[in-house]
Amino acid sequence: MDFLFSKDQLDMQRMVRDFARNEITPLAAEIDRTDEYPRELLRKMGELGLLGIPIPEEFEGVGADFMSYISAIEELSYASASVGVIVAVHTSVGTYPILNFGTEEQKQKYVPKLATGELIGAFGLTEPGAGSDASGLRTRAIKDGDNYILNGSKIFITNGEVADIFNVFAVTDPQKGAKGVSAFIIERGTPGFSIGKKEHKMGMNGSGTVELIFEDAVVPASQLLGQEGEGFKIAMSNLDGGRVGIAAQALGIARAAFDTSVEYVKQRRQFNKSIADFQAIQFMIADMGTKIEAARLLTYQAASLRQQGLPCSQQASMAKYYASDVAMSVTTDAVQLFGGYGYSKEFPVERFMRDAKVTQIYEGTNQIQRVVVSKNLLKG
Ligand code: CAA
């Protein structure tokens, strides 16, 4: 496969890289420290089109291809993994499900405002008893005239603190397992729907992870996304693309840790020479760089399949688990290379390591990705 970027893809990469280095990097430590959603930054990004990169122009998006979007997530995450995940969730599971499965009316109502950042999107799948077992949902939606009445709760919802619309999955027919799950577009302010506790996390601060609570929430039937019973398929097919986004995010974090480490080992002197002159350090740098290249190839391969509309569950899962394992290993090595300074909050590598950890967990744990990969490989 040829991963040479076209001129348009390179232009997008450069634009996002410049914006990320100039406008996001200087704020990254502060976003992490305060755990506050960077509202003003997101407003600026919306104006620049960064919240609708792969969304067609007819829906006010930039109309760029999926590979450009993936490279943008990588560049944003290089500067701040928190900003990377806010954009990734907003786009891949906040906007795409409506674009791909919504009625014309739903698309016209929500997609242009999501693409420009006027609305922020979130995705409500996970529940206290349904994490990896995503079809074991308990949140119930019962049809009542022109409405559905929802009861239950969702947890660990990225962007939930600020989101305006939530793609939420609930059981409409408990007898049918995965085929009894339906998807709903739920607006903030819906009667009976409220935001619960905010998580205090190890990393990815500022991305506003909360609980969603439904207590006899009254959701108009017009908010059903797709057909009744189609919810699990909507969730899973959008997670395929979402997982490529998380692979790109992990790649961005790993690259940031690598570049910071290379700079440091060249200037840090011990035993009267730069520590980059020691073979022990050189071998660590070689391993870190090689793993990043391998993660990049898997990620771009999955993105390329997705862009062409080809099946990509297996490659998306491979890329997600490999790139996030690489991010964890490279950031851990970066802390080691920095020694005591690496453990200090004075340098960014400890943040990279904390942020990397969740890329092995969210959008499906790396164990679940291996389940998806092995199922596909054994099927032949
Ligand atoms: N695309 C389309 N349809 C799919 C699909 C896909 N990728 N994967 C499965 N399906 C369909 C199957 O074809 C099947 O339908 P049929 O019976 O008609 O064939 C149906 O869905 C059920 O499939 P499975 O039997 O494979 O389902 P399962 O119950 O065994 O679950 C699983 C499979 C892979 C374990 C799944 O539950 C899973 O991915 N779990 C992880 C959940 C997850 O990723 N959560 C992420 C939350 S979002 C998040 O984290 C965002 C964030 O904050 C960053």
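Taking the stretch 332-364 as the range and being over 15 Å from Ser82 (Cβ atoms) and assigned to a helix (DSSP H, G or I) as the test, the residues that pass are Thr332, Asp333, Ala334, Val335, Gln336, Leu337, Phe338, Gly340, Tyr341, Gly342, Tyr343, Val349. Within the stretch 113-130, residues that are more than 15 Å from Ser92 (Cα to Cα) and hydroxyl-bearing (Ser, Thr, Tyr) reach partners that are within 13 Å of the ligand (Cβ to nearest atom) and in a loop (DSSP other than H, G, I, E, B) with beta carbons closer than 8 Å, at six or more positions or on different chains, in the pairs Thr126/Ala134.
For the stretch 118-136, state whether one or more residues are buried (at least 24 other Cβ atoms within 10 Å of the Cβ), among the aromatic types (Phe, Trp, Tyr) and farther than 24 Å from Gly226 by Cα. Spell out how you get there, then give the answer.
Just the residues of the stretch 118-136 that are buried (at least 24 other Cβ atoms within 10 Å of the Cβ), to begin with: 120-125.
If we keep only those that are among the aromatic types (Phe, Trp, Tyr) too, we end up with 123.
Those left that are additionally farther than 24 Å from Gly226 by Cα: none.
No, the conditions are met nowhere in the stretch 118-136.
Selection of the stretch 158-177 for residues being within 21 Å of Lys107 (Cα to Cα) and either of a type in the set (D, E, K, R) or touching a Pro at 6+ places or on another chain (Cβ under 6 Å) (or both) yields Asp164, Asn167.
When Ala254 is tested against (1) farther than 29 Å from Ser71 by Cα; (2) aliphatic (A, V, I, L, M); (3) buried (at least 24 other Cβ atoms within 10 Å of the Cβ), only condition (1) is not met. Filtered by the rule that a residue be surrounded by 19 or more Cβ atoms within 10 Å (Cβ to Cβ) and either more than 11 Å from the ligand (Cβ to nearest atom) or within 29 Å of Gln108 (Cβ to Cβ) (or both), the stretch 200-210 gives Gly203, Asn205, Gly206, Ser207, Gly208, Val210.
No lab work stands behind these numbers, since they all come straight from the coordinates. Since we're looking at a predicted model, the values are computed, not measured. Glycine gets a Cβ as well: all are built from the backbone with ideal geometry, and neighbour counts include every protein chain shown.
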